[in-house]
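The values are calculated or read from the model by the stated rules, or taken from the named source; none is laboratory data. This structure is a prediction, so every number in the text was calculated from the model and none was measured. Positions of Cβ are backbone-derived with ideal geometry, glycine not excepted, and every protein chain shown enters the neighbour counts.
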DNA sequence: AAGATATGCTAACGCCGTTAGATGTCCGAA
DNA sequence: TTCGGACATCTAACGGCGTTAGCATATCTT
């Protein structure tokens with residue numbers, strides 16, 4: 001155990017501690033409570049120390065996102081273990097909604113917050129050189145849609161897998177994000193968002209599929 | 001023309017000028033550029049002056065929202081002049097999407113930004129005492145849905161007008177808000193959001209309506 | 001002309017993200 | 001064993017933010 005090794009270990013430990021503190025603040029009081037100064041307070045260091053581990057606040061939040069995105073992707077992947085592509089889509093929708101409603105703060109951070117410019121540039125570079133891992137959650141959905149199209153499960157005029165995937169993503173995202181932002185608006189008699197989202201997914205799949213009447217409705 | 005009258009007029013003129021400056025900043029550089037100090041600069045006053053016209057920044061933004069909400073509501077109302085309730089829903093969806101895509105900044109402010117607590121409390125009070133105008137855009141949609149249900153246009157298991165209205169709102173909101181936030185993510189081959197949204201509305205209506213195959217598809 | 005009222009300003013407070021520069025502390029080599 | 005450099009950490013500050021207090025000044029009313 002050389003000294004540089006130990007130092008590196010301590011470095012990583014502090015980095016993890018910082019991320020955890022940020023996560024705690026975030027979960028307890030929402031994104032607006034996540035402040036470089038408060039994170040520093042929580043780990044009992046002064047603010048500049050954070051900049052030895054993260055280029056800036058946006059990089060710190062990105063690191064947080066990536067951890068949660070991995071979790072999210074894993075949940076979706078478990079849901080995608082179905083042979084029938086239509087049922088696969090339905091189950092992915094269900095798990096998507098459940099993740100969003102169980103972790104609304106994370107969902108807001110992941111999908112309802114504008115990307116920092118830097119991240120976009122980084123990703124564009126990855127895509128350019130083909131390094132993109134291609135195993136994104138979106139790809140799971142798009143592939144299921146493509147399978148539906150290839151095996152003739154959809155009405156013939158729905159033939160663009162990317163577009164239909166975006167249709168379905170939009171469906172679940174719309175219901176949960178409306179709920180997360182506007183649930184407290186008392187002008188509207190909100191229904192339980194889980195049921196609402198399922199109803200939309202079911203209706204959309206009914207509309208997409210050949211032979212109308214739904215195969216297996218989302219029950220729970 | 002008494003002097004107090006003139007002063008009041010000047011007061012309102014300055015108020016309008018402030019709002020316009022805020023709107024200009026907002027349209028030119030997005031919400032994060034709308035700063036009390038920058039607004040003050042634009043109208044050639046010092047920042048404290050703004051507080052003689054608006055309680056705080058959130059009240060100023062709310063005033064801006066309300067103007068745009070009126071515009072939005074008017075656009076939707078024009079679209080709702082259709083006898084057939086299903087076609088009415090389809091047209092409202094179309095105009096909703098067009099508004100969102102033509103004014104993405106406004107859409108972000110109106111529907112993709114968390115409400116300040118104060119506003120929620122104010123609305124709750126209105127609802128409590130029954131002062132709510134009931135002519136909200138959401139009500140337009142819900143009433144069209146209720147008409148569909150009452151006249152037996154929907155499958156019998158879709159019987160909750162509130163829920164179905166929330167399903168349809170979620171559909172259009174999902175597609176346009178995903179696009180507005182994530183269009184620049186190069187990992188995804190984005191399709192034109194207008195067509196995507198129309199496809200979702202059509203599919204959902206196909207799924208909701210009795211007698212499957214769409215009546216009149218959204219063409220343009 | 002004098003007093004009241006409204007208008008606008010300067011200056012400041014306490015937050016924020018971030019950076020520069022000083023200080024100390026430990027490690028490896030002479 | 002002591003010296004020099006690398007590293008960790010701190011204090012202090014900059015410029016921005018929303019917001020408020022207190023003062024000057026201009027304008028109306030009597």
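Tabulated values for the structure
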read-out	value
Single unsatisfied condition, residue A:143 versus (1) facing chain B (nearest Cβ under 9 Å); (2) modelled with pLDDT of 95 or more	(1)
Exclusive hit being at pLDDT 90 or above, away from DNA strand D (no atom under 15 Å from the Cβ) and not in a loop (DSSP other than H, G, I, E, B), set B:16, B:40	B:16
Any hit, the range A:58-67, residues being within 14 Å of chain B (Cβ to nearest Cβ) and within 9 Å of DNA strand C (Cβ to nearest atom)	yes
Residue in the range B:50-71 that is part of a helix (DSSP H, G or I), out of contact with any helix residue (DSSP H, G or I) (no Cβ under 9 Å at 6 or more places or on another chain) and within 30 Å of residue B:198 (Cα to Cα) present	yes
Any hit, the range B:95-102, residues being part of a helix (DSSP H, G or I), more than 12 Å from chain A (Cβ to nearest Cβ), surrounded by 17 or more Cβ atoms within 10 Å (Cβ to Cβ) and more than 15 Å from the chain's Cα centre (by Cα)	no
Residue within the range A:176-195 that is facing chain B (nearest Cβ under 7 Å) and crowded, with 21+ Cβ neighbours inside 10 Å present	yes
Residue B:64 being over 26 Å from residue B:151 (Cα atoms), crowded, with 18+ Cβ neighbours inside 10 Å, within 16 Å of DNA strand D (Cβ to nearest atom) and in the same structural domain as residue B:136 (by TED's automatic domain parsing)	yes
Qualifying residues in the range A:157-175 (those that are more than 7 Å from chain B (Cβ to nearest Cβ), touching a residue at least 12 places away in the same chain (Cβ under 8 Å) and more than 22 Å from residue A:102 (Cβ to Cβ)) - the one nearest to the chain's Cα centre (by Cα)	A:165
